[in-house]
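> Just passing along the structure, written as structure tokens.
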There are 2 protein chains.
Amino acid sequence: MRFWILLCLSALLTVPAVADIFSADDLAVARELREQALAGDGGYEIVADLTTRIGPRLAGSEADPRAVAWAERLLTEMGFDRVWLEPATFPTWHRNLERAQITEPVAFDMVTLALGFSPATPAGGLEGEVVMFDDLAALEAAEPAEVKGRIVFIRNRMRAARDGSGYGPAVQARSIGARVAASKGGLALMIRSIGTSSNRFAHTGTQRFDADTRALPAVAISNPDADRLERLIAMGEPVRAEIEVDAEFIEAYTSHNVIAEITGSKYPEQIVALGAHLDSWDVGTGALDDGAGIAIVTEAGRLILDLEQRPDRSIQIIYFAAEEIGLWGGRAWAEANADNFHNIQVGAESDFGAGPIYEIAARVSDQAWPVIKAIQAELAPLGIELGDRRASGGPDFIPAAPYGMAAIDLRQDGLHYFDYHHTENDTLDKINPEELAQNAAAYAVLAWLSAQSPIDFGSGETLLDEEAARAAE
Amino acid sequence: MRFWILLCLSALLTVPAVADIFSADDLAVARELREQALAGDGGYEIVADLTTRIGPRLAGSEADPRAVAWAERLLTEMGFDRVWLEPATFPTWHRNLERAQITEPVAFDMVTLALGFSPATPAGGLEGEVVMFDDLAALEAAEPAEVKGRIVFIRNRMRAARDGSGYGPAVQARSIGARVAASKGGLALMIRSIGTSSNRFAHTGTQRFDADTRALPAVAISNPDADRLERLIAMGEPVRAEIEVDAEFIEAYTSHNVIAEITGSKYPEQIVALGAHLDSWDVGTGALDDGAGIAIVTEAGRLILDLEQRPDRSIQIIYFAAEEIGLWGGRAWAEANADNFHNIQVGAESDFGAGPIYEIAARVSDQAWPVIKAIQAELAPLGIELGDRRASGGPDFIPAAPYGMAAIDLRQDGLHYFDYHHTENDTLDKINPEELAQNAAAYAVLAWLSAQSPIDFGSGETLLDEEAARAAE
């Protein structure tokens, strides 16, 4: 109770009323940006071009430098004040082939993808009995004798949710399943795909990368194939499988973040950072993940670039490299800016597909929270509500969190995002241009008002931690 | 006008009122069958077992005899009065591999399937410029100089509709596209998949089989790949592709229709024939096409078999062989029964997935049309309305049409059928057991009442032709 009184008092004493935060002119520009964005295609032509000309672009693949060159040219031709590359060096991985087949009691081919960083099997594959576990915890609890010499199958099913909250619990099987199976003498890991669709696509994705990661060959099978395997196992006869993976580990590859700036007129050194990642998995065409994000933040930047005036602060559009295989572009960016976080006002990345944004959340200083509320008021006509104070800013800004960077999340409806995520089915047709335009409108308003805010967002300070944020709700 | 008066008079004079056609006991049994079917799983366990143990089962493949043995055992164990095999001999085809890639102006792999009976390309594939046509008619109208030495791409899109009516116009590109392209000197045929989903699956299916069929290698690409190809072509630079197919043509293979009979107590020689086809394409697991039909008609038969009494007429459950590659089981059945069509009362095949039935249509004699109306009255609680008089009975009964066989269609909602048809995505999870049960209920009522009808359906007579049926509506 006392806490609440203090909180209210402090709000009354230290921050201006919501209505006073932005000037009438700045609000008028925000509204113009919003309407112009809604009248446009949200950057659909950009993601159409990226997915058509470049296609899938795994970090370190032959498509990686083509994508970087495409991005540099695009941003330069759009007329940003500065465009530059920032190097990021990382280990990567290349898929040559994978197959997974049930051999007993009946033979059938499954739709499968090797997981990122899976080592190769011996040529011709490996074969063994399948032992099934409900989830990673069940595997962790298993006696080594159950696992030894067997192919471990983890059947956990991902739950669909608007906020994607089913992903975290389910993806553990992918992140460290092979490591756990290896510790008990398993032969290989096979998981039900971490996805919410019953379409017959396998998903892929990275495993947590460390010295143990490459212990066992690891694949995901499509959900209908996992269903069939479960039914076979339920019949009671021993089930055997054959798995073959051929893949290469690459120690070090250098790619680049591509950064474009609208240089601020008053405080050019202060930066509002919008992000998306340019790399994708090596299947599909990386349309939702994260071509959509590239389109959204670029369109937001273009709209601001086309204004007659420059914003007070600088706005940077960052296309991160190598997000999928370990946030390497984000790490490089955070390291490169280690001494500059007092100037990096706030970061917000679009990396959750093309569904409409329903909420704004922010990890900012107390004094900046009313700014977020004032921004939300301008996002409300887009159907965007005020969320909590536990934002991450998106995956590529996670490495900036230890530097205390303020972060904003524009949360997208991701109910169907994991129907397509990291599969061959992540293609342009899954993007709705109207929903993309809603996203671009929100990012344009957010970037503009963040650049015009008279208040510091608090980067570099010790920002509200999670527990305090929860108590303050 | 005179036609109508004659029709009404003839109806009044020659047929009993709808209410009098079936005895109260027969109607009571029909209602009991309907309720029992709705309380069951519609044969879901049967299609689950077929798709789990056997999987895809292209006619002439190694799975073909396994499927026949599975079927013979299932029907025998269910206790049908007679179960037997009926041979059918046909040419068939085996897929070894296919790939399709765009090579210029950018390189990318497309998801592709060779079309049935496609010949192999030279090992290593063939390569050429792509020339795009809107549809088969545009290809037919093209100058040979446009086509010669090029890879022909037909981009026509199938329209989704409850009755599947978009399939016929679109599938011409598959049926005879290669033949037309060959006649103009084309190098290969590539079509947009004939399907209504934007999921990244290619479809397959047979080409019209004759001496010219194997003229050119022919593949379908997935719809997202067709979209990307169209966008590339729209950019204006020449587009080149590489296609490789390895496949084998098999002159003659003998498979079997599997037939189970509930022998009639009064008129055992008179037959009500329910059909489905046991074969499938070699992709997916043949769940909707046509494992669902197998489940539906078998469950209908099982329910009748479990009655305390046998029906007046015999009911046969026919699992047709080799439907997909040319109705060969249906042809063999029609030929085997050439002298017996006066006894084959009526045929009805379930071969349109597992969607709910919304309508009954029938090609029967005038005197039997009131029987159809009386049957429809018992189907009405299932949401089934009375349709027209232009039924085919289903694909495998088409070869029986020249013999004048009466035919009934229980029309299913197929709005989503072509989302999955002939793709890797035709798997068990696409079947809704409740909708399957509605189907089984309808077939059980239909079979029972058809077997108890005091009126002949008119097989062997000259049945109402299409034009007359249209006039009579």
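The values are calculated or read from the model by the stated rules, or taken from the named source; none is laboratory data. All figures in this text were calculated on a predicted structure; none of them were measured in a lab. Virtual Cβ from ideal backbone geometry, glycine too; neighbours counted across all protein chains shown. Quick note on the areas: whole protein, heavy atoms, side chains included, nothing else; ligands and nucleic acids left out. Shrake-Rupley method; radii C 1.70, N 1.55, O 1.52, S 1.80 Å.
> Sorted by accessible area (1.4 Å probe), largest first, how do A:165, B:453 line up?
Final ranking, largest accessible area leading: A:165, B:453.
> Further question: Give the B-A buried accessible area in Å², both sides summed, 1.4 Å probe, nearest 100. Display every interim value, and only then the final one.
On the way: alone 18280 and 18320 Å², together 34400 Å².
The summed interface area works out to 2200 Å².
> Which of B:22, B:314, B:334 sits farthest toward the positive end of the charge dipole of chain B, with +1 on the Cβ of Lys and Arg and -1 on the Cβ of Asp and Glu?
B:334
> When you look at the Cβ of every residue in B:276-286, what mean number of other chain Cβ atoms sits within 10 Å?
1
> A follow-up question, please. Rounded, prolate or oblate: which one fits region A:381-463, using the alpha carbon gyration tensor with axes a ≥ b ≥ c (rounded when a/c is under 1.5, else prolate when a/b beats b/c, else oblate)? Intermediate results must be reported in sequence, preceding the final value.
Numbers: a/c = 2.54, a/b = 1.55, b/c = 1.65.
Oblate shape, in that a/c is at least 1.5 and b/c is the bigger or equal ratio.
> Considering every residue in B:185-196, what mean count of other chain Cβ atoms within 10 Å of its Cβ is obtained?
Details: counts 0, 0, 0, 0, 0, 0, 0, 0, 0, 0, 0, 0.
Going residue by residue through B:185-196 and averaging, the value is 0.
> Just to be sure I understand the model, the point goes 7 Å from the Cα along the line to the Cβ. What's the resulting residue B:309 to residue B:250 distance in nm?
Using points 7 Å along Cα→Cβ, the separation is 4.6 nm.
> Mind checking the dipole of chain B: about its Cα centre, +1 per Lys or Arg Cβ, -1 per Asp or Glu Cβ, Debye to the nearest 20?
With Lys and Arg at +1 and Asp and Glu at -1, about 740 debye.
> If you take every DSSP beta bridge whose two residues both sit in chain B, what share of them, in percent to the nearest 5, is antiparallel?
The antiparallel fraction comes to roughly 60 percent.
> Compute the convex hull volume of the Cα atoms of chain A, divide it by the residue count, and report the result per residue in Å³ as a whole number.
That works out to 142 Å³ per residue.
> Compare A:333, A:70 by solvent-accessible area with a 1.4 Å probe and give them largest first, with all protein chains kept in place.
Values: A:333 5, A:70 30 Å².
Reading off the accessible areas and sorting them downward yields A:70, A:333.
> Could you pull the accessible area for residue A:430 with a 1.4 Å probe, rounded to 10 Å²?
About 30 Å², ignoring ligands and nucleic acids.
> If you don't mind, there's one more thing I want to ask. Of B:163, A:210, which has the most accessible area with a 1.4 Å probe, and how do the rest follow in descending order? Kindly include the intermediate steps, with their values, before the conclusion.
Values: B:163 90, A:210 55 Å².
Listed by decreasing accessible area, they come as B:163, A:210.
> Simple spin-label model, 7 Å along Cα-to-Cβ: residue A:23 to residue A:85 in nm?
Using points 7 Å along Cα→Cβ, the separation is 4.0 nm.
> Moving on to the next point. Amide H to amide H under 5 Å from residue A:93: which residues, 5+ apart in sequence or cross-chain, H placed 1.01 Å off N in plane?
A:250
> Another one. In peptide B:50-59, what is the residue-averaged number of other protein chain Cβ atoms found within 10 Å of each Cβ?
That average works out to 3.
> Here is a further query. Could you work out Rg/(2.2 N^0.38 Å) for the protein assembly as shown, with Rg from alpha carbons only?
Cα-based Rg divided by the globular estimate yields 1.08.
> Let me ask something else. Note down the net charge around residue A:79, summing +1 for each Lys or Arg and -1 for each Asp or Glu among other residues with Cβ under 10 Å from its Cβ.
-2
> Given H placed 1.01 Å from N in the peptide plane, which residues other than close sequence neighbours of residue B:279 have an amide H under 5 Å from its amide H?
When sequence neighbours closer than 5 places are left aside, the close amide H contacts are B:322, B:323.
> Which one, A:74, A:436, A:149, is farthest towards the positive end of the dipole of chain A when Lys and Arg carry +1 and Asp and Glu -1 on their Cβ?
Towards the positive end, the residue furthest out is A:149.
> Something else about it: Please list the non-local residues whose amide H lies under 5 Å from the amide H of residue B:150, H modeled 1.01 Å from N, same-chain partners needing a gap of 5 or more.
Here B:187 satisfy the definition.
> Also: With all pairs of different alpha carbon atoms counted, what Kirkwood hydrodynamic radius in Å does region A:97-247 show?
15.0 Å
> Suppose every K and R has +1 on its Cβ and every D and E has -1 on its Cβ; what is the size of the dipole of region B:97-247 about the Cα centre, in Debye to the nearest 20?
For region B:97-247, the charge dipole is close to 420 debye.
> If you don't mind, there's one more thing I want to ask. Remind me, relative contact order of region B:97-247 in percent, using alpha carbon pairs under 8 angstrom and six or more residues apart?
40 percent.
> Please list, or write none, the lysines whose alpha carbon is within less than 29 Å of the alpha carbon of residue A:148, excluding same-chain residues fewer than 8 places away.
Within the straight-line cut-off, residue A:148 pairs with A:184.
> Let me ask something else. Please list, in order along region A:356-367, the HN-Hα scalar couplings obtained from phi with the Karplus expression 6.51 cos²θ - 1.76 cosθ + 1.60 (θ = phi - 60°), rounded to whole Hz, x for Gly and Pro.
x, 7, 10, 7, 10, 10, 8, 9, 9, 5, 4, 5
> Another question, then. Of the DSSP beta bridges with both residues in the protein assembly as shown, give the percent that are antiparallel, rounding to the nearest 5.
In the protein assembly as shown, DSSP labels about 60 percent of beta bridges as antiparallel.
> Which percent, to the nearest 5, of DSSP beta bridges fully inside region B:97-247 are antiparallel?
Among the beta bridges of region B:97-247, antiparallel pairing accounts for roughly 55 percent.
> To continue, here is another question. Taking the Cα centre of the protein assembly as shown as origin and charging only Cβ (+1 Lys, Arg; -1 Asp, Glu), how large is the dipole, in debye to the nearest 20?
My answer is approximately 60 debye.
> So what is the accessible area of region A:97-247 per residue, in Å², with the probe set to 1.4 Å?
About 36 Å² of surface per residue is accessible.
> Evaluate the relative contact order of region B:340-473 (contact order divided by residue number), counting alpha-carbon pairs under 8 angstrom at least 6 apart; express in whole percent.
With pairs under 8 Å counted, the relative contact order is 42 percent.
> Take the rotation relating chain B to chain A, measure from its axis to every Cβ in chain B, and name the nearest residue with the distance in whole Å.
B:199, 3
> If the label for residue B:198 sits 7 angstrom from Cα along the Cα-to-Cβ line, what are its distances to the same label in every other copy, in nm to one decimal, shortest first?
Residue B:198 label point versus its equivalents elsewhere: 2.2 nm.
> Let me ask you something else. Can you pull the percent of chain B's accessible area that's carbon plus sulfur, 1.4 Å probe, other chains left in place?
Carbon and sulfur atoms account for 51 percent of the accessible area of chain B.
> Residue A:45 to residue A:141: extension gain in nm, 0.36 nm per residue of separation minus the Cα-Cα distance? Before the final figure, lay out the partial values.
Values: separation 96, 0.36 × 96 = 34.56 nm, distance 5.01 nm.
In short, 29.6 nm is gained.
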